[in-house]
Structure formats: C-alpha cells, structure tokens
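Read-outs throughout are calculated quantities, based only on the coordinates presented, and are distinct from any laboratory measurement. Values in this document were obtained by computation on a predicted structure and should not be read as measured data. In this analysis, Cβ positions are derived from the backbone assuming ideal geometry, glycine residues included, and neighbour counts consider all displayed protein chains.
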Amino acid sequence: MKIHEFQAKEMMRNHGIQVPKGGPATSGEEAIEVAKRIGTGPWVIKAQVHAGGRGKAGGILKASSLDEVEEVSSRLLGARLATAQSGPQGHLVTKVLVEEAVQVEKELYAGVVVDRSEGRAVLLLSASGGVEIETLAKERPHEIVREFLEPWGELPSFRARRACFALGLDGEVRSQVERALRGLCSLFYQEDCTLAEINPLAITKEGAVLALDAKINLDDNALFRHPSWSQLRDPEEEDPLEVEARNCGLSYVKMDGIIGCMVNGAGLAMATMDVVLQLGARPANFLDVGGGAREEVVSKAFGILLKDPKVKVILVNIFGGITRGDVLARGIVDAASKLQVNVPIVVRLEGTNAQEGHRILEESGLQIHVAKSMVEAAKLASTLGRN
Ligand code: GDP
Ligand code: MN
C-alpha cells in the first residue's frame, strides 16, 4: 500500500526525522492558509500523487509570494500529472503539500528495503541524492553504501556511523544524518514498511539535515496490526477493480494483458502468469481466489474479471486441495450462466474431485473449454484471446 509524501513525512517526524515545516491543501485558499502558518516564504508546492519523478514532470514548483502560492496550487490541483513512473495517463492531483523552501547545500539518498536474497532489511545510503536510485544502482553501484539491519529492526550505531564515514560526512552533520538513518530504520520496522525512502535527504546551508522527500510503502499483510492505516488510503489513487476485489476479500492485482486469470493459491497464480508470458501472451491480472474457495467467491471473482474491458479470454487454473473440484465447477457454471460472459472460458482443474468437476463443466452446455494441463490451458487461452 502506497501513501502520500505528506503522510510519510508525518510518520518520519514521529520517528525523530526532521522534515521541513508544511502541510497539505486541497484548494488555493487552503494553500495560502498553510503558507501563512509556516512562515513568510519562499515556499515549495508539491503535487501529492502516488508516483515519483514529480520534479522532472513539473509537479514540484516554487512560490515566492502568497499570490503565487495560490496560483501555483490551483494550477496543480485538478490537473493530471504524468511522471516517468506513472504511465502516460498520469495521476489526478487532489492535494498539494505546501512547504517552506529549503536552501540545499548537498543532497543524499537514504532508503531501507528488503534484500530478498539475503533475507534481511538493508539500509542504502549514497552521496548522490536527488537522482533516481535505479539509475545510480545500474551505472555507478559502488556509490551506494549498504548496511544490514539487525533481525529485530535496529541499525546499530557503529553501522550508521560506518555508512556516514563512507560518504565522508563528519561533525554535527554526521551525527544528524546518523539520527535520521536510525529513525528511518525504526520506522521501517515499527510501521511494517516494504520501502522507506528519503530522496533527497538534504543538508542545508545552515547545516541542518532534513528529509525533503519521503516515500513509504506499507506491507498490506500487516494491515491487521495497524487499524489506523485505513485513514491513509487514497481511493482516488487506487484502481476501482482492486478496491472492489479487496472488499470481497480477494487478492487481485490488475495488469495490462488480455488473459483474465482466476487461480487458487498465490504460487499457482504466479506460475500461471509465468506460463502465459512464456507463451508470448500477457495476463490481465493476478488473482488468487484462495484455498477453500466457495461458489460465491468464484462468482465474485468472475464478476471482477469481466468488468475489465481488456479481458478477451478467461483462464481458470485450479488445483483442488481443500478446495473441491465439483464445488469450483458449480461456481464457474453458476457465474457463467448468471453473468453476461461474452468471452471464451478455459478451465484446467486438477486435484480433489476433479473428475466430478469436469463432468459438471461438460454437462453444463456452456462454452467452457476444459484443458488437461496448465500448459495446454494457457496455450488454448492465448490462441482464443488473439482471435
Ligand atoms: P520527486 O521528483 O517526485 O522525487 O520529488 P522530490 O520531492 O524529490 O522533489 C524533486 C526535487 O526538488 C528534489 O530532488 C529537490 O532537489 C527539489 N526540492 C524539493 N523541495 C525543495 C526545497 O525545499 N528546496 C530546494 N532547493 N529544492 C527542493
Ligand atoms: Mn524525490
């Protein structure tokens, strides 16, 4: 789950990281109020969208008078902002962050991510802030310093210090950067993040260390531990089908292909997508209906797949364990006869009560193609989808 910069900065502030004075606004007038509250200018007006690369796309603007604050904010609000990360359709700007402008001397990069190959969280620090970390990692990887966190989330002082020394930082600035790094690590663990990033972490002309940008992704699987997160959601930024799927308790991620996949189990869902891709076709989504899926779940899942206009064929891949093949088959037949299904359906069904399931599908009189294996099903689906 992504959150906005102003929300991420609030979290950072709560973890002892210094951020510029500022606040969100949804209109030009509100922006003026915020601007007055934080000082006499100049200010920076920042579009709040769930995508990075706003600076280059014109989503970060300066204002030196209150008139300009209003003018710039009104211009951003209601417009769509397309950045390198957002895709061409861009994001609708419904909020801006109004902040005091800071005189930057030097920009660092600091981020905490999960290093999956090591099975640990790792702090990344670089003296080349402001630029995209992906570019830096590719072109000049030696400029990124890495320090692992302890399994309980702590970044020991000596590692924080070692990272700072590697960047040539010293004195008061070094101790401030260290404090920010340790705050970032405690935030990463306590708030169950999958990413916590400050780019740039600015050193100002006065020698202060401030998080000028803040990006936090929260781990959806930890939602139950943080009831307050529901307030951080921005439905404006989410795909409506993903919202609907979540409300039905389905694990669904929309993608841009034509094969609507309905699979039980995350592993099998991933494998199905891999097979589809290897055959040169593209999945329209990831959808895990879960173990023990019942008829009504299948019906809801079908409904969601059919609402995606890109879907040209539905590929059902089920391995019955706890889920029984006959129950699944009845769910498919039920959904296909109730809903207006005008795309072909390919089903591969194995495991518990699979034969009974096949019989139900064949006797339904519906246009359902039953395949014997996952590869056969995927091949058939990609052929049918192209026609
Ligand atoms: P992003 O492009 O979406 O990553 O947005 P950022 O918040 O990182 O803003 C882009 C760039 O604007 C930053 O890398 C900074 O160089 C610059 N910037 C943002 N706020 C300030 C500020 O208060 N003062 C100065 N001088 N530059 C700023
Ligand atoms: Mn940034």
> Among 344, 325, 306, which residue has its Cα positioned farthest towards the positive end of the charge dipole of segment 300-357, with +1 placed on the Cβ of Lys and Arg, -1 on the Cβ of Asp and Glu, and the dipole taken about the Cα centre?
Replying inline: 306
> What order do you get for 333, 98 when you list them from fewest to most C-beta neighbours inside 10 Å?
Replying inline: 333, 98
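Please give me the summed charge of the neighbours of residue 199: other residues whose Cβ is under 9 Å from its Cβ, Lys and Arg +1, Asp and Glu -1. Mind dumping the intermediate values first?
On the way: positive: 215; negative: 107, 132, 197, 213.
So the environment of residue 199 carries a net charge of -3.
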> Taking the Cα centre of each part, how many Å lie between segment 226-289 and segment 177-197?
Replying inline: 28
>> Between 100, 172, 197, where does the largest GNM mean-square fluctuation fall for the chain, given springs only between Cα atoms within less than 10 Å?
In response: 172
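Among the chymotrypsin sites (Phe, Trp or Tyr not before Pro) in segment 142-208, which ones are in a DSSP loop with at most 15 other Cβ atoms within 10 Å of the Cβ? Mind listing them? Kindly include the intermediate steps, with their values, before the conclusion.
Values: sites: 148, 152, 158, 165, 188, 189; in loops: 152.
Answer in residue order: 152.
So for segment 239-386, Kirkwood radius off the Cα pairs, Stokes-Einstein at 20 °C and 1.002 mPa s: how many µm² s⁻¹? Present the calculation step by step, with values, prior to reporting the outcome.
On the way: Rh = 14.6 Å.
In µm²/s, the coefficient is 147.
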>> Under 8 Å for C-alpha pairs, at least 6 residues apart: give me the relative contact order for segment 274-331, rounded to a whole percent.
In response: 43
> What length, rounded to one decimal in nm, is gained on full extension from residue 337 through to residue 217, with 0.36 nm per residue of separation minus their alpha-carbon distance?
Replying inline: 39.2 nm
> What's the center-to-center distance, using Cα atoms, between segment 35-58 and segment 109-176 in Å?
Replying inline: 26
> So how long is each side of segment 172-242 along the principal axes, counting just the alpha-carbon atoms, biggest first, in Å?
Replying inline: 48, 24, 16
> Based on the mean of other beta carbon atoms within 10 Å per residue, what is the order of 357-368, 2-13, 134-145, most packed first?
Replying inline: 2-13, 357-368, 134-145
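Explain nothing, just the number: dipole magnitude of the chain about its Cα centre with +1 on each Lys and Arg Cβ and -1 on each Asp and Glu Cβ, in debye rounded to the nearest 20. Could you put the intermediate results ahead of the total?
On the way: 45 positive and 52 negative charges, 118 e Å.
That gives a dipole near 560 debye.
Rounded, prolate or oblate, given the Cα gyration tensor of segment 128-172, with a/c below 1.5 counting as rounded? Intermediate values should be presented prior to the final figure.
Values: a/c = 2.56, a/b = 1.41, b/c = 1.82.
It is oblate, given that a/c is not under 1.5 and a/b is not larger than b/c.
Determine the relative contact order of the chain: mean sequence separation of Cα pairs under 8 Å and six or more apart, normalised by residue count, in whole percent. Before the final figure, lay out each step's value.
Working: 806 pairs, mean separation 48.3, N = 387.
It rounds to 12 percent for the chain.
Given the convex hull of the Cα atoms of the chain, what is a quarter of its surface area in nm²?
21.3
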> Percent relative contact order of segment 294-387, based on C-alpha pairs within less than 8 angstrom and at least six residues apart?
Replying inline: 33
